[in-house]
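> One structure, pasted below without further comment.
The values are calculated or read from the model by the stated rules, or taken from the named source; none is laboratory data. Computed from a predicted model, the values in this text were never measured in an experiment. Note that we place each Cβ from the backbone using ideal geometry, even for glycine, and neighbour counts take in every protein chain shown. Ligands, DNA and RNA are excluded from the accessible area calculation, which covers all protein heavy atoms including side chains. Shrake-Rupley method; radii C 1.70, N 1.55, O 1.52, S 1.80 Å.
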Number of protein chains: 2
Amino acid sequence: MSEATDTKERILDTAERLFAERGLGQTSLRQITSQAEVNLAAVNYHFGSKEGLIKAVLARRLEPLNRERIRRLDRLERSGDLTLEGLIEAFIGPPLELSRDGAGGGRFVRLMGRTYTEHANFLHDHMRQANEGLVSRFKPAFREVLPELPKGELYWRLHFMVGVMSYVMAGNDMMQVLAASRGANPDDPQEIIRRMVPFLAGGLQAPLPPELQQALEEGAAEAALGSD
Amino acid sequence: MSEATDTKERILDTAERLFAERGLGQTSLRQITSQAEVNLAAVNYHFGSKEGLIKAVLARRLEPLNRERIRRLDRLERSGDLTLEGLIEAFIGPPLELSRDGAGGGRFVRLMGRTYTEHANFLHDHMRQANEGLVSRFKPAFREVLPELPKGELYWRLHFMVGVMSYVMAGNDMMQVLAASRGANPDDPQEIIRRMVPFLAGGLQAPLPPELQQALEEGAAEAALGSD
DNA sequence: GTCTATAGTATGATAGAC
DNA sequence: GTCTATCATACTATAGAC
């Protein structure tokens, strides 16, 4: 079992790296097993299929990651100092900070960023399911710090926030070049977080678009607020 | 030549659709040629390789698209009413509106959104080159409407804007579900633009993060402003 | 310019010995 | 749990007839 675990871990580590570097579809089991120095058949033995391996790679890091995000939210709420900026940081901080931990966290973060735009139905389902608890915990908190924002509008904006986050996490060359040319260390997540938080806070609490504002004032509030 | 053009166009249309639906790497030339009802060898004859086909698919729509964005910027500047909101709309409007034109524009937009996170070096190079003129035209305009923002900070924020845009363009299920559940027509780009503009405007003109603000006031302005 | 045929290679998955 | 060997299938690309 200790030997087996070792093989399993080696497969997970290598798969994570290659998936992040080349994408899921472009990475073959052969590339993984040869670089992990395990037998080709080991993948199917331990994970059943390539799809099973992908899910295992994601789950291994996503679960502790989301636990950490919720832990930070808990702490914010207990401290009685729940601010928009703090909330944003609790949400985007852990994934971006993970990119700093020596052991492949950065690779995983890039992989995670990619899953948002990758084309695979089983992936979307898996991610949605894996993030269910996270979403149901953060949504009310955002509502609390943005009480003036209609519910429907808030959801749009939270998605825009996820858009920024996943783009940054995907970490394509442009982002690296940008950071480097600005004298910033592109591998320092704090640098990026420091810049993202004001941008996101500004966006989330921006005034409503004129048309919507007007609709609200004219009493179409019910429709606009919705009833999730 | 008319027959050839026909075949070429049919390949381009089908490739665009399949690339957007399944991703570049997951789409085979066989799938394309069989659905386009052309011979397998036609792709290599007309485009040289799969890579050549991908570039052709992108270039066909990207060039007129970026011309339109620049045309709108020209008009804004001539009108003497260059606002941040107008500038944002000139930049994000055309790609998002393209998703409404009946003839496959929506597919292309999703494909374009995906290219930002897709893993292929030739793609990044091609997109960077294709967007060069666009960027050099829009950057000074953004500087003009956001004069108080240090240059380095502006570039970060423009990238965040691209992040939101590409996430929305990638148009994954979540976005669709969100729009539908909010009573919005997920296929109406105006609906999305109306929501994105205030968010992006709010983000772009948000106050500087405290640390940076302080650095500026302490005279470290040179370093922070840079000299790009 | 379009076709068939095929070379040459890679893939995911499994059977069966150890 | 690990291995080799292999099946069945897919892929990109090209050669050569028409």
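> For the range B:6-26, which positions are surrounded by fewer than 20 Cβ atoms within 10 Å (Cβ to Cβ) and within 11 Å of DNA strand D (Cβ to nearest atom)?
Across the range B:6-26, the qualifying residues are B:22, B:25, B:26.
> Does residue A:29 satisfy the condition of being within 12 Å of DNA strand D (Cβ to nearest atom), open to solvent by less than 40 Å² (accessible area, probe 1.4 Å) and closer than 28 Å to residue A:171 by Cα? So that I can check it myself, show each step before the final result.
On the way: within 12 Å of DNA strand D (Cβ to nearest atom): yes; open to solvent by less than 40 Å² (accessible area, probe 1.4 Å): yes; closer than 28 Å to residue A:171 by Cα: yes.
Spelling it out, residue A:29 is indeed within 12 Å of DNA strand D (Cβ to nearest atom), open to solvent by less than 40 Å² (accessible area, probe 1.4 Å) and closer than 28 Å to residue A:171 by Cα.
> Out of the residues in the range A:32-50 that are more than 10 Å from DNA strand D (Cβ to nearest atom) and surrounded by fewer than 19 Cβ atoms within 10 Å (Cβ to Cβ), which is nearest to residue B:24 (Cα to Cα)?
Filtering first and then ranking leaves A:50.
> Among what's in the range A:39-87 and is hydroxyl-bearing (Ser, Thr, Tyr) and within 16 Å of DNA strand C (Cβ to nearest atom), pick the residue that is nearest to residue A:193 (Cα to Cα). Step through it out loud before you land on a result.
The first filter runs over the range A:39-87 and keeps only residues hydroxyl-bearing (Ser, Thr, Tyr), leaving A:45, A:49, A:79, A:83.
Of the ones still in play, those that are also within 16 Å of DNA strand C (Cβ to nearest atom) are A:45, A:49.
Numbers: A:45: 41, A:49: 37 Å.
My answer is A:49.
> Which residues, taken from the range B:79-89, are in contact (Cβ under 8 Å) with a residue 12 or more places away in the chain and open to solvent by 20 Å² or more (accessible area, probe 1.4 Å)? Explain how you work it out, then say what you get.
In the first step, residues of the range B:79-89 are kept if they are in contact (Cβ under 8 Å) with a residue 12 or more places away in the chain; the result is B:82-85, B:87-89.
The answer is B:82, B:83, B:85, B:89.
> Across the range B:74-89, what is the number of residues that are among the charged types (D, E, K, R), over 16 Å from the mean Cα position of the chain (by Cα) and within 14 Å of chain A (Cβ to nearest Cβ)?
First, pick out the residues of the range B:74-89 that are among the charged types (D, E, K, R): B:74-75, B:77-78, B:81, B:85, B:89.
In the following step, the residues that additionally are over 16 Å from the mean Cα position of the chain (by Cα) were identified as B:74-75, B:77-78, B:81, B:85.
Checking the rest, the ones that are also within 14 Å of chain A (Cβ to nearest Cβ) come to B:85.
So the answer is 1.
> Just to be sure before I move on: is residue A:69 open to solvent by less than 50 Å² (accessible area, probe 1.4 Å) and in contact with a Pro (Cβ under 6 Å, 6 or more places away or on another chain) in the structure I sent? Talk me through it step by step, then tell me what you get.
Numbers: open to solvent by less than 50 Å² (accessible area, probe 1.4 Å): yes; in contact with a Pro (Cβ under 6 Å, 6 or more places away or on another chain): yes.
Spelling it out, residue A:69 is indeed open to solvent by less than 50 Å² (accessible area, probe 1.4 Å) and in contact with a Pro (Cβ under 6 Å, 6 or more places away or on another chain).
> Return the pair list, or none, for Cβ contacts closer than 6 Å from residues in the range B:197-213 that are at the interface with chain A (Cβ under 7 Å from one of its Cβ atoms) and under 8 Å from residue A:206 (Cβ atoms) to residues that are modelled with pLDDT under 95 and surrounded by fewer than 21 Cβ atoms within 10 Å (Cβ to Cβ), at least 6 apart or on different chains.
Listed by first residue and then by second, the contacts come to B:198/A:209.
> Which of the numbered conditions does residue A:60 fail, given that it passes all the others? Conditions: (1) within 15 Å of DNA strand D (Cβ to nearest atom); (2) at pLDDT below 95; (3) basic (Lys, Arg).
The single condition residue A:60 does not satisfy is (1).
> Here's a follow-up. Looking at the range A:52-64, I want the residues that are closer than 13 Å to residue A:131 by Cα and have a partner that is among the small types (Gly, Ala, Ser) with Cβ atoms under 6 Å, at least 6 apart or on another chain. Which pairs are those?
The qualifying pairs are A:62/A:130.
> Can you name the number of the only condition in (1) in contact with a Pro (Cβ under 9 Å, 6 or more places away or on another chain); (2) crowded, with 19+ Cβ neighbours inside 10 Å that residue B:61 fails?
Among (1) in contact with a Pro (Cβ under 9 Å, 6 or more places away or on another chain); (2) crowded, with 19+ Cβ neighbours inside 10 Å, the lone unmet condition for residue B:61 is (1).
> Find the residue count for the range B:176-212, including only residues that are modelled with pLDDT of 75 or more and either open to solvent by 70 Å² or more (accessible area, probe 1.4 Å) or of a type in the set (A, V, I, L, M) (or both).
Selection size over the range B:176-212: 12.
> State yes or no: is residue A:15 within 11 Å of DNA strand C (Cβ to nearest atom) and within 25 Å of the chain's Cα centre (by Cα)?
Numbers: within 11 Å of DNA strand C (Cβ to nearest atom): yes; within 25 Å of the chain's Cα centre (by Cα): yes.
Answer is yes for this residue.
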